[in-house]
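Please read the structure below before turning to the comments.
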Amino acid sequence: MRLALLLMAFGPGAVLAQSSDLLGVYRDALSSDPVFSSARYALEAGREKLPQARAGLLPSINASANSGYNNVDASQPTARTYGYNSNGYSLNLSQPLFRWQNWVAVKQGELQVRLAESQFASAQMDLMQRVTQAYFDLLNAQDVLNSVQQLRAAANEQLELSKKSFEVGTVTVTDVNDAQSRYDIASAQEIAAQNDVNVKREALRVLTGKEPPVLARLRQGVTLAAPAPADAEAWAQAAFTGNVSVASQQINREIAARSLESARAGHLPTIDAVGSVGRNHATNGSSGLPTETRTWMVGVQATLPLFQGGATQSKVREAAALESKAIDDLENVRRGAGQSARQAYLGVTSGIAQVRGYEAAVRSSMSALESNRLGYEVGVKINKDVLDAQSQLATTRQQLAKARYDTLIAQVKLKLAVGTLSERDLEEINALLEH
């Protein structure tokens, strides 16, 4: 029976599929998820911001060369026309001595590298959360399908029993019709549940890039740990400083402050050390004799911006407004992180309480089902009572499983909210699975 249920839940190829746990799915997603892969390349690109900024403090060297034919029509002192070739090259060097914008750009480059690393850490934690969500969503969908299949099988068994009882006159046609109705409803629910399993399998396939294997399930009767400390506000305070989105926005605020400093530096002078060396060669068109000149120059060049059409002042105002925006964005992200931590904390604590309640409800539903079966056999209960008890037990078992899944997901979201989610947390959840 169990093998048949697995075949119906996973499809005809499930027998050959290898089981996998949460860590296995996560490691597949690490190498296959396009969102995480994109974040990895974004990190590589972000790390190049610092070398680019440092280049503004280093010398720049440019080489140029020219070659051309010159035609001259002369009228004094005598009319004549002649042509000649000229060519040359030059090498120019410039070393910034004082360009405050460039020093600010280096600090911005360091901040942008930190921002890229923070965003990558956020992407990795987000992948852990998405994998956990998709993993337990699929398990929950399979539980629903199995529950509906069991209910359908029980309804079919009860339908056959009621038909036989009706033939011998121990039940009425109402019992038969009621059993038939329950069976038809369970059949329709099975179609919907199977479709949901397919949808959840596809969601997991998007993360791993391959057909999901048979997933390891939670062990029966696992104990879920309560959050420590047992204080929602303590978790919210931790999120204010530890949340990765908060950290990224804090860096954005610092970058905005540096941008304002850079814009104000547009009013300052720039000083460069400059040097050049060159050579020019030409043939004297009138005498036919070659001429050659060699030049070199070293010096200091200073530039003081006096008026740029108001562009510098406008850039200062723009940067000041963007800094104010970054400050408000930071506060918004901090509040959102605190809210997420509180919600996740309540999700864990209420989830644990629900698990305990459903565990007790399962025991009560099993007792109720046995009582109704015995009552039906001795004639004090009708067919509908047994079907109701079977339905209640199947529903309660599925709700218990879902409460456990939701609690585990809430634990992951709580760690994500405070910025401490790591692979070790997945390992702890993985230890709760059957292997």
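What follows draws every value from the coordinates through simple rules; no lab data is involved. Worth saying up front: this structure is predicted, and the values here are computed from it rather than measured. Methodologically, a virtual Cβ is constructed for each residue, glycine included, from the backbone with ideal geometry; neighbour enumeration extends over all protein chains shown.
Starting at 0 and stepping by 10 Å, how many percent of the alpha carbon pairs of the chain end up in each bin?
Whole-percent P(r) values from 0 Å outward: 4, 13, 17, 15, 12, 10, 8, 7, 5, 4, 2, 1, 1, 0.
By how many degrees, 0 to 90 and rounded to 10, does the Cα axis of helix 100-167 deviate from the longest principal axis of the chain?
The two axes meet at around 20 degrees.
How big is segment 320-435 along each principal axis, measuring the range of its Cα positions in Å and listing the largest first?
Here the Cα extents, ordered largest to smallest, are 84, 34, 16 Å.
Where a Cα-Cα gap under 13 Å defines reach, which aspartates and glutamates qualify for Lys402, not counting those fewer than 8 residues away within the same chain?
Asp137, Asp143, Glu359
Would you mind computing, in nm to one decimal, how far apart the modelled labels at Glu211 and Asn66 are, each placed 7 Å from Cα along Cα→Cβ?
7.1
So what is the relative contact order of segment 250-340, in percent, for Cα pairs below 8 Å that sit 6 or more residues apart? Let's see the in-between values first.
Values: 89 pairs, mean separation 34.1, N = 91.
So the answer I get is 37 percent.
Counting Lys and Arg as +1 and Asp and Glu as -1, what is the net charge of the other residues whose Cβ lies under 15 Å from the Cβ of Gly266?
On the way: positive: Arg99, Arg258, Arg264, Lys315, Arg317; negative: Glu261, Glu318.
Here the charged neighbours net out to +3.
Extending each Cα 7 Å along its Cβ direction at Arg54 and Ser364, get the distance between those two points in nm, one decimal.
6.8
To the nearest µm²/s, what D does Stokes-Einstein give for segment 198-253 at 20 °C and 1.002 mPa s, using the Kirkwood radius over alpha carbon pairs as Rh? Walk me through the intermediate numbers first.
On the way: Rh = 15.6 Å.
Diffusion coefficient, whole number: 137 µm²/s.
Kindly flag which residue pairs out of Lys107/Lys325; Lys107/Lys413; Lys384/Lys413; Lys163/Lys200; Lys210/Lys325; Lys315/Lys413 have an alpha-carbon separation exceeding 31 Å in this structure. Show your work: numbers first, answer last.
On the way: Lys107/Lys325 20 Å; Lys107/Lys413 34 Å; Lys384/Lys413 42 Å; Lys163/Lys200 38 Å; Lys210/Lys325 43 Å; Lys315/Lys413 41 Å.
In this structure, Lys107/Lys413; Lys384/Lys413; Lys163/Lys200; Lys210/Lys325; Lys315/Lys413 exceed 31 Å between Cα atoms.
Taking N as the number of residues in segment 274-386, what is its alpha-carbon radius of gyration divided by 2.2 N^0.38 Å?
Numbers: Rg = 43.9 Å, N = 113, 2.2 N^0.38 = 13.3 Å.
After normalising by residue count via 2.2 N^0.38 Å, the value is 3.31.
Ignoring GluC sites (Glu not before Pro) that are buried or in helix or strand per DSSP, and keeping those with at most 14 other beta carbon atoms within 10 Å, what is the longest stretch of the chain between them?
Working: sites that count: Glu48, Glu434.
Free of exposed loop sites, the longest segment is 49-433.
With a cut-off of 8 Å between alpha carbons and a minimum separation of six or more residues, what is the relative contact order of the chain in percent? Display every interim value, and only then the final one.
On the way: 626 pairs, mean separation 103.8, N = 435.
Contact order relative to length: 24 percent.
How many angstrom separate the Cα center of segment 102-118 from the Cα center of segment 193-255?
Each part's Cα centre sits 30 Å from the other's.
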